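First the structure, in the form of structure tokens, and then the observations on it.
The values are calculated or read from the model by the stated rules, or taken from the named source; none is laboratory data. Predicted model only: the values in this text are computed from it and were never measured. Here the Cβ positions follow ideal geometry from the backbone for every residue, glycine too, while neighbour counts run over all protein chains shown.
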């Protein structure tokens, strides 16, 4: 209505011994992903944004209006905040039909003429979310995907100015997730409001997020574009959280500035393992570190049964298969190359190559698939006061 | 229901079935006997519609309905608080609430007399203010509330606990105030348990005897409820016929009311919270 239609602010919450500090800035139409393991404080953050949990201090601006300000003694209760909230289990009201669920929030609360827009009509919403013909069904008569759609429709019907999604796909099976993610993006594009999505699923964060903040133990430890933060994370703490399968501490042998690469060696069990990785310029510039931590994603490694010749890949390591475990969609093969290298393969590859324990294989990957990871943790976001406009 | 029957098979099923049959006979036989003996009476209708019976029935229904209204009005918010609070004090009170269930009603009656009687702790003070409670219709209600409230509070508390807080949270984010949320979400979802509690509690109030006779006495038209009237009839010479008629009447009224409640507590979405 007035001011910028985004959402920004900072929070300090305490839940028993648990301490959460968070600051964020989000424009309308943008999706911020809060990424982190369970128990990292993500849900607490959402509840504080929704007005369901009270922080100790902070400030929350939605559409340019403060809904919470500890300094100014402002606290807008949940039912006046115009914040849509999708829980993991959707929590459709079981005693109400689909139509009654969707129109539940219409005609009360913020239909007040003073506060502006009335909610969209039921008919309009049924069409927009493809729920025609299901009006009289009860929540348990709907499929998981339909339930999610109803929960979203119910939240959007009240025309929220901020939408909060708490692991919206966790109750669905993998196949459905993909199509519903797309559906959700389409639905959100129709009415651009800021969205905060909480997840611990990397794929979900990558496909849904415009921005990501990695949360661990109540602190933001990394933030940026999802592809940068989650693809080749710059810190070991983040790398572990986002599930980078291979992280090795290695010694720098030689640098080749002309190629932009350097050679690393790791202490293998018998022979040293050599790797070629991008040169550590930029962040570590000037400090010629002797030791670096390097990360390689399992999905970036190709397995080959013969020695690969005539390949541009700079890293070719022979090894023995020491473990195979199912990791949908495919398998994670551990190859002992002196260091335990984890490689992701599809079920078809596993079958065609007849991969089994003890087999000799070659691991092949580009130098650019290796990324350097900083051992340090904790981003500068530790001080939320700095983000406060007071 | 059928599936549950079918699952019980083998030796356990046979044993359980036998025990069940014996139990049904044990409970059913006295009830059948009561109805049969009452029906064999020649002047059943006269006894049932007699002054003694109708006066007692009217008083029983009036006092039990007032008692239940008091229990519901006070017990519902209290049960909600108990269900939602994590405070240690709430847990202590939670334990105390159920005390009247294990307390013999006669003891409850004596205790109430000591508290609200003419020379009781609070009663003495009330008496000097010109208010007397013991041996009045108000005392009947007091006794019934005392013994019946725990059944309602316990059941309502379980009902509220079965409603996940997230439903209330979601409702609020949809723009519905906490009070409205209680009426539109929490209460309907807890209704089956609340209605069950209502039935149990009402049945307990209707059958109240021990505390009533101690605290309220046995005055026809004022404190003589159905159970008291039955005992009085039994004690008078040749009163068995009259007692039988009254008992049959109370049985029929109770069964009808409880069936209505049981029907009312059925929900399409039961077990889907």
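The table below gives the values:
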| read-out | value |
| --- | --- |
| Pairs, first away from chain B (no Cβ under 12 Å) in the range A:69-85, second in a loop (DSSP other than H, G, I, E, B), C-beta under 7 Å, six or more apart | A:71/A:390 |
| Residue count for the range A:295-317, restricted to those that are in contact with a helix residue (DSSP H, G or I) (Cβ under 9 Å, 6 or more places away or on another chain) and touching a residue at least 60 places away in the same chain (Cβ under 8 Å) | 6 |
| Selected residue [within 14 Å of chain B (Cβ to nearest Cβ), under 16 Å from the mean Cα position of the chain (by Cα) and at positive phi] from A:217, A:167 | A:167 |
| Residue in the range A:110-125 that is buried (at least 22 other Cβ atoms within 10 Å of the Cβ), assigned to a loop (DSSP other than H, G, I, E, B) and either over 29 Å from the mean Cα position of the chain (by Cα) or at pLDDT 85 or above (or both) present | yes |
| Residues of the range B:241-273 satisfying the condition of being more than 17 Å from the chain's Cα centre (by Cα) and within 14 Å of another protein chain (Cβ to nearest Cβ) | B:266, B:267, B:268, B:269, B:270, B:271, B:272, B:273 |
| Scan of the range A:235-269 for residues that are surrounded by fewer than 19 Cβ atoms within 10 Å (Cβ to Cβ) and not in a strand (DSSP E or B), ordered by number | A:236, A:240, A:243, A:257, A:258, A:259, A:260, A:267, A:268, A:269 |
| Residue identified as away from chain A (no Cβ under 14 Å), without any contact (Cβ under 8 Å) to a residue 12 or more places away in the chain and not in a helix (DSSP H, G or I) among B:221, B:238, B:217, B:175 | B:238 |
| Set B:258, B:187: member being closer than 30 Å to residue B:108 by Cα and touching a helix residue (DSSP H, G or I) at 6+ places or on another chain (Cβ under 9 Å) | B:258 |
| Residue A:55 being part of a strand (DSSP E or B), more than 14 Å from chain B (Cβ to nearest Cβ) and modelled with pLDDT under 95 | no |
| Filtered residues of the range A:64-85 (kept if under 18 Å from residue A:195 (Cβ atoms), in a loop (DSSP other than H, G, I, E, B) and either within 22 Å of the chain's Cα centre (by Cα) or at pLDDT below 90 (or both)) | A:64 |
| Residue check for residue B:245: over 28 Å from residue B:138 (Cβ atoms), at pLDDT below 90, surrounded by 16 or more Cβ atoms within 10 Å (Cβ to Cβ) and touching a helix residue (DSSP H, G or I) at 6+ places or on another chain (Cβ under 9 Å) | yes |
| Whichever residue in the range A:153-186 is touching a helix residue (DSSP H, G or I) at 6+ places or on another chain (Cβ under 6 Å) and assigned to a helix (DSSP H, G or I) and, among such residues, is surrounded by the most Cβ atoms within 10 Å (Cβ to Cβ) | A:154 |
| Residues (over 26 Å from residue B:98 (Cβ atoms) and assigned to a helix (DSSP H, G or I)) located in the range B:118-147 | B:124, B:125, B:126, B:127, B:128, B:137 |
| From the options B:84, B:91, B:58, residue that is surrounded by 11 or more Cβ atoms within 10 Å (Cβ to Cβ), within 30 Å of residue B:163 (Cα to Cα) and free of Cβ contacts under 8 Å to residues at least 60 places away in the same chain | B:91 |
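Each row is one residue, and each column tells you yes or no for (1) under 30 Å from residue A:336 (Cβ atoms); (2) free of Cβ contacts under 8 Å to residues at least 24 places away in the same chain.
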site: A:217; (1), (2): no, no
site: A:238; (1), (2): yes, no
site: A:247; (1), (2): yes, no
site: A:252; (1), (2): yes, no
site: A:258; (1), (2): no, yes
